[in-house]
Amino acid sequence: MKLMELLKSAGLAAKSSPADANTIRVALNKLCGTDVYATSITALEGAVLALAKEADQKRLIALSANPSNKVLNQFSGQSRQVDRDGTTLTLRVCPVDAGNAKVLRQVLPYTAPTIIGLKTSVGMGDRLGLATPGHLKAVDGTGLVPFVAQQSIREMTRTQRTPQQVMDDASWGVFQAGWRDGFGSDADHLKTTEDIDVTAAAGFTMFTVDPSEHVDNAAGRDDITTLRAKYEKLPWVDLGKTAHSCRTDYLAGPFAIEGIGAWQIKEEELLRAACKYGRAIAYTVRLARHLDKVKGEGNYEIEMSVDETDSPTTPVEHFYVANELKCMGVKFSSLAPRFIGRFEKGVDYQGDLAEFERQFAQHAAIARHVGPYKISIHSGSDKFLIYPIAAKYTQGLVHLKTAGTSYLEAIRVIARKDPALFREIMQFAIDRYETDKASYHVSAELSKVTPLKDVSDAELETYLDDFHARQVLHVTFGSVLTTKRPDGSYLFRDRLYSDLRKFEADYDDVLCKHLGKHVRPFLKK
Ligand code: ZN
């Protein structure tokens, strides 16, 4: 279909073939004097919509033969008349701001997130707001559902972005890529009702509740007398049980769990599980009730995550947590245990892989038995050793969560295209590492990072493939993105964004390649 035909389409037109889209792109470029993304071209109710690049900025363009076209007029922007084959058309050039993002999600619902449920999915956090097109390329054709709007409160604080900006960047990215297959949005690691309020207002649909401050890690080591005393003092009213009924529920007889067999929980195991996670469960229930009020029951999905705690979640503890949440009516779609071994940021799994597999098989069996719900793997970037195990035992009931690795791929583009800037960023990251690593699970040692003076420009990319340098770059993203000079200008932010906009295709390609490696082990055979 050509441009003039597309302008006559009623409803939402089917996606043009790549060849047609390219012909239309050329026509639009001529009319608008911009550089249109062919994949973004969409026609709706007599208006053609597309995303275009104008110097360093992106613009939404809306074109219609009818100056009072309803779709076109909902967007705010500058209108002018243009001529196409003797027909006068109205062209509106619109900024990609929050108001227009809101309209975009209303008129093109595929640019708004949806509830994903139990579909196999991958979380693709984007700290820069530029990664969505590359992320979508990585999942295209795989059947996995991408969560392209995904940031934790900590990430947003460190990058000085708001939940609304994260959501809007994802919507524009989805529009640019012409992705119509749906996506999820994950307000990650929420710890308070205020965290829920700001992310719900921005339109997030999945809420990852993190009650880790209410987890009693000492319960893993306490003696039996201490455990018994702690157990009696749990907030039983909030847990909807009594100390006695909880014992009866778990100790009465073996549970028959497919994949585990007859499972008899011992008193000490129950006490440890309840003392460690009881208060965290009560807190999760509280946040879930708050979500019911804010979003309305059934209008959101929820994940419970305890991955950022000191001690691993044993299968018995996982069973107890999931079962209690279910008893309290929390309909969670995924749960993130803290697995054994080390899930450090940006690098592969460290630990006993055979023991990981043995326990993971039980976690997956519990998720099927109590749920079904998905096992969520946090800090899932670059954990190539465990993907085959996770894929094998979950059989698709899995959510893989990644974030930092996409920032590192952006830095890879800088290493390739702007060596001078990369050197500045790397040196800055080295200087910041000891301070910035505080809240992360990392073990990189600065003494093992090759000094920059010993590395040629052509070899700079090797920093991205080195365990120590990766972690140093990984945990310093907030400082890199937000540090300012004494005159108030950004030290790196503007130059970094300018490069990534200029080398957009390169960023898409490295993301597609790298995230593709994450996704592939989860494809259905
Ligand atoms: Zn996490």
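Within the set 371, 329, 351, the sole residue that is open to solvent by less than 40 Å² (accessible area, probe 1.4 Å) and either at pLDDT 95 or above or within 16 Å of the ligand (Cβ to nearest atom) (or both) turns out to be 371.
Those residues that are within 27 Å of the chain's Cα centre (by Cα) and farther than 26 Å from residue 500 by Cα, I need them from segment 1-60; list them, please. Across segment 1-60, the qualifying residue is only 15. If the condition is being β-branched (Val, Ile, Thr) and modelled with pLDDT under 95, then segment 24-47 contributes only 34.
Going by what's in this entry, would residue 65 be described as of a type outside the set (Ser, Thr, Tyr) and under 28 Å from residue 504 (Cα atoms)? Answer is no for this residue. Of all residues in segment 167-182, none are within 16 Å of the ligand (Cβ to nearest atom) and over 18 Å from residue 102 (Cβ atoms). Here is the figure for segment 376-391: residues that are more than 16 Å from the ligand (Cβ to nearest atom) and open to solvent by 10 Å² or more (accessible area, probe 1.4 Å) total 5. Checking 235, 211 one by one, the residue that is of a type outside the set (Val, Ile, Thr) and within 16 Å of the ligand (Cβ to nearest atom) is 211 and no other. Comparison of 251, 270 shows that the only residue that is on the phi < 0 side of the Ramachandran plot, more than 26 Å from the chain's Cα centre (by Cα) and either open to solvent by less than 30 Å² (accessible area, probe 1.4 Å) or within 16 Å of the ligand (Cβ to nearest atom) (or both) is 270. Pick from 190, 144: which is more than 16 Å from the ligand (Cβ to nearest atom), open to solvent by less than 30 Å² (accessible area, probe 1.4 Å), more than 20 Å from residue 99 (Cα to Cα) and in contact (Cβ under 8 Å) with a residue 24 or more places away in the chain? Residue meeting the stated conditions: 144. When residues of segment 382-415 are filtered for being part of a helix (DSSP H, G or I) and under 18 Å from the mean Cα position of the chain (by Cα), how many remain? Result for segment 382-415: 8. Looking at 199, 162, just one residue is away from the ligand (no atom under 16 Å from the Cβ), within 19 Å of residue 98 (Cα to Cα) and of a type outside the set (A, V, I, L, M), and that residue is 162.
Once segment 127-141 is narrowed to residues that are open to solvent by less than 10 Å² (accessible area, probe 1.4 Å) and of a type outside the set (A, V, I, L, M, F, W, C), the residue that is nearest to residue 169 (Cα to Cα) is 132. Among residues of segment 10-32 that are open to solvent by 60 Å² or more (accessible area, probe 1.4 Å), those with a Cβ under 6 angstrom from a residue that is among the hydrophobic types (A, V, I, L, M, F, W, C), sequence gap 6+ or separate chain, pair up as 12/44; 22/38; 25/36; 25/38. Candidates are the residues of segment 437-467 that are in contact with a helix residue (DSSP H, G or I) (Cβ under 7 Å, 6 or more places away or on another chain), modelled with pLDDT of 95 or more and in a helix (DSSP H, G or I); the one that is surrounded by the most Cβ atoms within 10 Å (Cβ to Cβ) is 463.
For segment 419-441, a tally of residues being over 26 Å from the mean Cα position of the chain (by Cα) and not small (Gly, Ala, Ser) returns 9. Beta carbons closer than 6 Å, at least 6 apart along the sequence or on distinct chains, pair a first residue in segment 224-235 that is without any contact (Cβ under 8 Å) to a residue 24 or more places away in the chain with a second that is assigned to a helix (DSSP H, G or I) for 232/243.
The residues listed here are 91, 130, 190; of these, the one that is over 23 Å from residue 481 (Cβ atoms) and of a type outside the set (Lys, Arg) is 91. Looking only at residues of segment 287-326 that are among the β-branched types (Val, Ile, Thr) and modelled with pLDDT of 95 or more, we find that the one that is nearest to the chain's Cα centre (by Cα) is 302. Is one or more of the residues making up segment 476-483 in contact (Cβ under 8 Å) with a residue 24 or more places away in the chain and in a loop (DSSP other than H, G, I, E, B)? Yes, that holds for at least one residue.
The rows are residues; the columns are (1) open to solvent by 70 Å² or more (accessible area, probe 1.4 Å); (2) assigned to a strand (DSSP E or B); (3) polar (S, T, N, Q).
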site	(1), (2), (3)
63	no, yes, no
68	yes, no, yes
72	no, no, no
88	yes, yes, yes
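State whether one or more residues within segment 33-42 are hydrophobic (A, V, I, L, M, F, W, C) and either open to solvent by 60 Å² or more (accessible area, probe 1.4 Å) or touching a Gly at 6+ places or on another chain (Cβ under 7 Å) (or both). Within segment 33-42, not a single residue is hydrophobic (A, V, I, L, M, F, W, C) and either open to solvent by 60 Å² or more (accessible area, probe 1.4 Å) or touching a Gly at 6+ places or on another chain (Cβ under 7 Å) (or both). Of everything in segment 395-420, what is crowded, with 23+ Cβ neighbours inside 10 Å and more than 20 Å from residue 513 (Cα to Cα)? Give them in sequence order. The one that is crowded, with 23+ Cβ neighbours inside 10 Å and more than 20 Å from residue 513 (Cα to Cα): 398.
The values are calculated or read from the model by the stated rules, or taken from the named source; none is laboratory data. Remember, it's a predicted structure, so these values are computed and weren't measured experimentally. Note that we place each Cβ from the backbone using ideal geometry, even for glycine, and neighbour counts take in every protein chain shown. These accessible areas exclude ligands, DNA and RNA; they are computed on the full protein's heavy atoms, side chains included. Shrake-Rupley method; radii C 1.70, N 1.55, O 1.52, S 1.80 Å.
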